[in-house]
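Visitor: Sharing a structure here in structure tokens format.
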Amino acid sequence: MDKIMMWVMAICALIGGVDQLAGNKFGLGRRFEDGFQLLGPTALSMAGLICITPLLSLGLEHTIVPLYRILHLDPGMLGGVLAIDMGGYQLCKELAQDPAIGRYGGIIVGATLGCTITFTIPVGMGMLGEREKPLFAKGILAGLCMHPVGILTGGLMCGVSLGKLLFQSIPVLILAILLVFGISRFPDGMIHGFRIFATVIRSAGTIGIALGAFSYMTGLQLLPGLTPLDEALKVVSSIGIVLLGSLPFAEILQRLLKNPLEWIGEKIGLGRNGTAGLLVGIVSALPVIADMKRMNEREIVMNAALLVCGTSMVAAHLGFVLGVDAPATGALLAGKLTGGIAGVWMAWRIMK
């Protein structure tokens with residue numbers, strides 16, 4: 001699966017490059033260029049956190065990890081509360097006793113629950129108006145309710161047995177339940193907490209980049225144990241290379257799915273804006289959130305539900321996994337697809 005996807009990305013990168021040279025006649029050259037331009041933002045969000053991952057791991061080793069071991073839980077699940085591309089994958093990999101659990105926590109949980117906590121919720125609640133916020137929250141709740149479908153599917157494809165998967169997922173499922181309760185009962189307080197958490201993560205990344213840059217230029221480490229910044233940037237660069245193909249691929253996929261999804265949208269009561277949101281959502285959450293002001297109530301809830309598991313499925317997250325752990329590509333796609341569809345179905349049932 002991973003080799004097939006890598007070939008597809010490579011071919012799409014060639015197509016995008018050729019279209020760019022031809023003057024962007026088919027709109028794929030622009031997406032090719034977008035992939036390259038994402039290197040900067042990707043580096044800002046990832047490189048610093050990769051630098052300080054050993055320190056985060058050390059801190060957790062002396063605090064929460066002993067409790068996990070007493071409970072026979074794999075500490076590799078701890079990093080799953082961070083987005084896959086915001087240090088979650090590296091932290092899970094660093095802490096994991098079982099590599100399969102580290103892969104499951106860092107890729108499957110990090111690309112769904114971690115992304116929802118550190119990005120989708122704080123960004124969405126910060127961008128949306130008063131009409132959209134409660135509907136967005138309702139959609140997030142629907143997505144979280146069906147989140148286990150996605151992570152269990154992805155976990156099984158990571159090679160983890162069902163019994164082990166269920167046991168190791170207990171903290172994640174408890175956290176998801178608490179989030180559902182908190183968002184439904186104390187939405188303002190929860191959103192404030194998410195924003196603080198996201199700010200802390202961004203600040204930690206900035207500190208990591210600054211310390212890494214100082215160490216690279218002087219040879220002195222202000223904090224021992226940091227991952228060298230140039231090594232962190234190698235990881236980012238590998239992801240950026242894949243993005244050169246994954247964004248044109250996402251554009252092609254959106255065009256191929258446009259008519260079928262519009263037909264499905266008509267059957268389930270989605271208008272053009274709602275259907276377009278589902279198409280864009282598998283690429284990026286930001287444009288969907290920005291367009292929610294033009295959606296009706298059902299469309300907002302269903303699109304928000306998709307974002308919990310399905311966002312960035314064929315763009316940033318796919319590019320990340322192909323860049324750092326290609327054999328897990330099938331697990332990522334299966335988990336995000338099943339979880340996203342289940343979330344949309346739950347939202348449709350709620351709004352029916």
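The values are calculated or read from the model by the stated rules, or taken from the named source; none is laboratory data. The structure displayed is predicted, hence computed values, not measured ones. Using ideal geometry, Cβ is built from the backbone for each residue, glycine included, and neighbour counts are taken over all protein chains shown.
Visitor: Report, ordered by the first and then the second residue, all pairs with beta carbons closer than 6 Å, sequence separation of six or more or different chains, a first member in the stretch 160-182 that is among the small types (Gly, Ala, Ser), and a second member that is assigned to a helix (DSSP H, G or I).
Guide: Listed pairs, sorted by first residue: ALA176/LEU144; ALA176/HIS147; GLY182/MET190.
Visitor: Name, by its number, the condition in (1) in a helix (DSSP H, G or I); (2) more than 24 Å from ILE201 (Cα to Cα) that does not hold for LEU55.
Guide: LEU55 satisfies all of (1) in a helix (DSSP H, G or I); (2) more than 24 Å from ILE201 (Cα to Cα) except (2).
Visitor: Based on this model, can you work out whether GLY48 counts as under 30 Å from THR199 (Cβ atoms), buried (at least 19 other Cβ atoms within 10 Å of the Cβ), in contact (Cβ under 8 Å) with a residue 12 or more places away in the chain and within 15 Å of the chain's Cα centre (by Cα)?
Guide: No: the conditions fail for GLY48.
Visitor: Would you please name the residue that is farthest from the chain's Cα centre (by Cα), looking only at residues in the stretch 219-236 that are among the hydrophobic types (A, V, I, L, M, F, W, C) and assigned to a loop (DSSP other than H, G, I, E, B)?
Guide: LEU220
Visitor: Run GLY129 past the list (1) touching a Pro at 6+ places or on another chain (Cβ under 6 Å); (2) surrounded by fewer than 20 Cβ atoms within 10 Å (Cβ to Cβ) and report the number of the one that doesn't hold.
Guide: Looking at each condition in turn, GLY129 falls short on (1).
Visitor: From the set of residues in the stretch 268-297 that are in contact with a Leu (Cβ under 7 Å, 6 or more places away or on another chain) and buried (at least 17 other Cβ atoms within 10 Å of the Cβ), which is nearest to LEU256 (Cα to Cα)?
Guide: Here the residue is LEU279.
Visitor: Hand me the list of helices (runs of 4 or more DSSP H) wholly inside the stretch 94-158 holding 3 or more residues that are out of contact with any Asp or Glu (no Cβ under 7 Å at 6 or more places or on another chain) and closer than 21 Å to ASP2 by Cβ.
Guide: Ranges flagged: 99-103, 147-157.
Visitor: Scan the stretch 22-33 and tell me whether some residue there is closer than 27 Å to GLY154 by Cβ and either buried (at least 19 other Cβ atoms within 10 Å of the Cβ) or modelled with pLDDT of 90 or more (or both).
Guide: So far as the stretch 22-33 goes, yes, one or more of its residues are closer than 27 Å to GLY154 by Cβ and either buried (at least 19 other Cβ atoms within 10 Å of the Cβ) or modelled with pLDDT of 90 or more (or both).
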